[in-house]
Amino acid sequence: GLGDGKARVERMFGFMDRFLKNDPISLQKDIMDHVEYTVARSRFSFDDFEAYQALAHSVRDRLIERWHDTQLFFKRKDPKRIYFLSLEYLMGRSLSNSVINLGIRDQYADALTQLGFEYEVLAEQEGDAALGNGGLARLSACQMDSMATLDYPAWGYGLRYQYGLFRQVILDGYQHEQPDFWLNFGNPWEIERIHVTYPVKFYGTVHEEDVNGVKTQVWVPGETVEAVAYDNPIPGYGTRNTITLRLWAAKPSDQIDMESYNTGDYINAVVNRQGAESISSVLYPDDRSHQGKELRLKQQYFFVCASLQDVIRRFKDTHDSFDEFPEKIALQLNDTHPSLATAELMRVLIDEENLGWDKAWNIVCKVFSFTTHTVAPEALEKVPVDLMASLLPRHLQIIYDINHNFIEELKKKVGLDYNRLSRLSIVEEGAVKNIRMANLAIVCSHTVDGVSKSHSELLKTRVFKDFCELWPQKFHYKTNGVTQRRWLVVSNPSLSSLISKWLGTEAWIRDMDLLAGLQEHAANTDLHEEWNKVRQVNKMRLAEYIEAMSGVKVSLNAMFDVHVKRIHEYKRQFLNLLGIIYRYDCIKNMDKKDKSKVVPRVCIIGGKAAPGYEIAKKIIKLCHAVAEKINNDPDIGDLLKLVFIPDYNVSVAELVIPGADLSQHIRSTSYCLCMLKAFHLMLLTCLNFRHIILCEFYFFFNLFIIRISIYLSVINTEIWCSTAGHEASGTGCMKFLMNGCLLLATADGSTVEIIEEIGSENMFLFGARVHEVPALRESSPLKVPLQFARVVRMVGDGYFGFQDYFASLCDKVEGGNDFYLLASDFESYLEAQAAADRAFVDQEKWTRMSILSTAGSGRFSSDRTIEEYAETTWGIEPCRCPS
Ligand code: 73E
């Protein structure tokens, strides 16, 4: 044997890299062995998919080696650990990311060439892991990559949904949803840990018992489900560190229901057992509304309960007392979705570890931190008390106790200001009583982070105004970032090589600030030439994909104008479409001479609509209807094309983003105008019904005065406080920016900080700006530009067909209902589009802006975000495994 203890460990480290070699011959042998023994195909007959499987398994072996070493190293060093709790991760594909982070992509490509395969072709065989909806979920994935790369002792926890985000299928221009059977062909990137399981309990009752003279609450649960761990190794770049993303799957508990077996109903007893699996079966496909569904709450609790048992088990392996818990553990809540973890940790510490309330509370307050991604108070997650009482009766008690203590403390501080107390309370009173999950998370966390500078302003003035006033030192922000490994190195290898060549180093892959070094070359004509060549090849790839998906041939001379993200009214894909219709209408009415001056465009739109979101689905249909008309109009030709890219996901993004010239981030920016509109409407109503008002004036003089002053105070608060928009941050824009794509955007969320980095002269900005709000107050917001009215009417009058179907869509922007301000922003949107056209004609200028975009993107690496979290929120340090 290897001997015991330290000597054994030293010898084990001595063996590292002697296990698996990375030269082409060894790689070929490994791949062929996996063809034969893992995939179980004859080495003389296997197809591309089977070759991909074998390849993936050989990469997996290498990941596992490093992963074991890392976990062993962490155990030996016992540093403070960060546990990242998120209900969603959008990992996309793993193969290319892994071989690049392991630093063996070229070796694999060579090995495969010699075997008669092409690396790229095999990589295309992989399906996406889509265990999340959009920005929040992709952010978790980017942050895992950064935590691994920066050597932090980190664990990600999540749910292993059997069905990820639905597949979007377009039939006749309408979105249809199909289940995402992502596990059907096996998943080589996970390791099933059949021995790592924990029971999770639900329902039942709580009663009081006398335990050794102490009154104790005892929960007798009604249902037990087993959580099984699936580990996904996450390799860092330029380091041996490989961390764990542990996802839980629900399985029926082994504590069999003897009663049903004994009554002889064997078949039903077995069938009922399988019901347990439904907890982790499907991801909720809506990233905005929280409907207080039982299954959703079950998922949340299942996930936090299993994760905390795992965290505590690992802690207890090496520690005898809980005193050290806060020095060794940081727990991060990714939005409110895992916020039940706070009450669960209290329950475990009090009921199972017998720590007593004060000690437990002291620990809870020190370990949790919370990141909120929300902009609107009304979008905050709530759980009906009745639901909580039935599913988690003991947790409800604990939440009530936390709230009681909090309110009592508060009364000492702010007195008996009941309005304020009720706004801060974790429990919302009303016809339906609710638990406010954000309030729970804030009260229990030592730090609350927003996701951009402007979001943090919004938290202070709107979303968590009362809490910010109460605990100003608790509130911070960390501007989101994305990982340059996936969004440049994996998805845009030729631009990455070019960057390395001009910077004279690859160090930017671990240190994005170095990209600023490109600035000095921004006017260099040699760089311009190489830059444009790379961008042109990427456009070609995208054009081929577009033709394959939609049959539309597009010209490479055209500006590729891309708008890809979840479909939402506030993201204003409808505004883009109205702009396209306007452009179409203009070209159609031009004479030949003017047509020759038009900058050709390919407008590319992509994104999924939540299955129950009717208006979003109509926007998708409208896109197809408009595309049908424009793309088949001989008067238009290559001057304008419109394509919808179906089933937008991470791997589609990897193809689309590098090929974009221009990208749109055009969400609406201010509520203020809406409120002004409300004010105008109110005045109009007053004028129409002035006789009623007069009556009221005479008979209820006092009441009327009070009412008016209430109206005015509401309006004033809205006007002066709502200086930001509906997007907390936005991360898509950062990916485009890195890839040298110019942004057409509103100045909100993370765009505000992009402007600080690259200057507004290098982007196409439009819409209301924060400092312009007072000026906007003066103008008449009810004015609808003529062109706007005209294009909306074209849709409404059936110019693109489907007149009845689109009626409700037009209603959304006509007749004073325009909540997302499409009409008021239309003119400035068109001006920004015209500015983009002018810049595109000036090739030199465009290329310089493109280089400066990449050069200014350093700040938007998730490495920077994670470093900020590590230093200021989590208090953890790197722990680098020797290599
Ligand atoms: O602005 C984005 C932000 O960039 C925000 O809308 C998004 O999070 C991104 C990352 O910070 C977000 N997603 C959700 N809330 N905000 C959400 C809500 C419920 C379910 C799933 C996702």
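Data for the structure
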read-out: Flag if residue 117 is open to solvent by 10 Å² or more (accessible area, probe 1.4 Å) and either at pLDDT 95 or above or within 16 Å of the ligand (Cβ to nearest atom) (or both); value: yes
read-out: Cβ pairs under 6 Å, 6+ apart, first in the range 109-137 and free of Cβ contacts under 8 Å to residues at least 12 places away in the same chain, second within 16 Å of the ligand (Cβ to nearest atom) and open to solvent by 20 Å² or more (accessible area, probe 1.4 Å); value: none
read-out: Test: residue in the range 232-242 that is open to solvent by 40 Å² or more (accessible area, probe 1.4 Å) and in a strand (DSSP E or B); value: no
read-out: Complete set of residues in the range 421-459 that are touching a helix residue (DSSP H, G or I) at 6+ places or on another chain (Cβ under 6 Å), under 21 Å from residue 726 (Cα atoms) and either among the polar types (S, T, N, Q) or more than 16 Å from the ligand (Cβ to nearest atom) (or both); value: 454
read-out: Within the range 430-546, helices (runs of 4 or more DSSP H) holding 3 or more residues that are acidic (Asp, Glu) and open to solvent by less than 50 Å² (accessible area, probe 1.4 Å); value: none
read-out: Residue within the range 408-420 that is within 16 Å of the ligand (Cβ to nearest atom), in the same structural domain as residue 225 (by TED's automatic domain parsing), more than 14 Å from residue 434 (Cα to Cα) and assigned to a helix (DSSP H, G or I) present; value: no
read-out: The range 162-195 - residue that is hydrophobic (A, V, I, L, M, F, W, C) and within 16 Å of the ligand (Cβ to nearest atom) and, of those, nearest to residue 280 (Cα to Cα); value: 165
read-out: Search result, residues across the range 121-136 that are touching a Ser or Thr at 6+ places or on another chain (Cβ under 9 Å) and more than 7 Å from the ligand (Cβ to nearest atom); value: 123, 124, 126, 127, 128, 129, 132
read-out: Residue check, residue 572 open to solvent by less than 50 Å² (accessible area, probe 1.4 Å), of a type in the set (Lys, Arg) and within 28 Å of residue 848 (Cβ to Cβ); value: no
read-out: Residue check, residue 18 modelled with pLDDT under 95, closer than 21 Å to residue 123 by Cα, part of a loop (DSSP other than H, G, I, E, B) and open to solvent by 30 Å² or more (accessible area, probe 1.4 Å); value: no
read-out: Residue, farthest from residue 630 (Cα to Cα), within the range 828-843, restricted to residues that are of a type outside the set (S, T, N, Q) and surrounded by 15 or more Cβ atoms within 10 Å (Cβ to Cβ); value: 839
read-out: Conditions (1) surrounded by 22 or more Cβ atoms within 10 Å (Cβ to Cβ); (2) within 16 Å of the ligand (Cβ to nearest atom); number of the one not met by residue 101; value: (2)
read-out: Pairs with Cβ under 6 Å, 6+ apart, first in the range 171-194 and under 30 Å from residue 628 (Cβ atoms), second open to solvent by less than 90 Å² (accessible area, probe 1.4 Å) and of a type in the set (Ser, Thr, Tyr); value: 179/163; 180/163
read-out: Number of the condition not met by residue 398 [criteria: (1) assigned to a helix (DSSP H, G or I); (2) surrounded by fewer than 21 Cβ atoms within 10 Å (Cβ to Cβ)]; value: (2)
read-out: Filtered residues of the range 25-47 (kept if open to solvent by 60 Å² or more (accessible area, probe 1.4 Å) and not polar (S, T, N, Q)); value: 25, 29, 36, 37, 40, 41, 43, 44, 47
read-out: Yes/no for residue 745 being modelled with pLDDT of 95 or more and in contact with a Leu (Cβ under 9 Å, 6 or more places away or on another chain); value: yes
read-out: Matching option when the condition is in a strand (DSSP E or B) and either of a type in the set (Gly, Ala, Ser) or closer than 26 Å to residue 843 by Cβ (or both), among 580, 604; value: 604
read-out: Qualifying residues in the range 610-624 (those that are of a type in the set (Gly, Ala, Ser) and in a loop (DSSP other than H, G, I, E, B)) - the one nearest to residue 167 (Cα to Cα); value: 610
read-out: Enumeration of residues in the range 145-200 that are of a type in the set (A, V, I, L, M, F, W, C) and within 30 Å of residue 800 (Cα to Cα); value: 166, 169, 170, 171
read-out: Test set (1) over 24 Å from residue 483 (Cα atoms); (2) within 16 Å of the ligand (Cβ to nearest atom); (3) touching a Phe, Trp or Tyr at 6+ places or on another chain (Cβ under 6 Å) - residue 159 fails condition number; value: (1)
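The values are calculated or read from the model by the stated rules, or taken from the named source; none is laboratory data. Note that the coordinates shown come from a computational prediction; the quantities given were computed from them, not determined experimentally. Every residue, glycine as well, gets a Cβ built from its backbone with ideal geometry; the counts of neighbours run over all protein chains shown. Just so you know, the surface numbers come from the protein's heavy atoms only, side chains and all, with ligands and any DNA or RNA stripped out. Shrake-Rupley method; radii C 1.70, N 1.55, O 1.52, S 1.80 Å.
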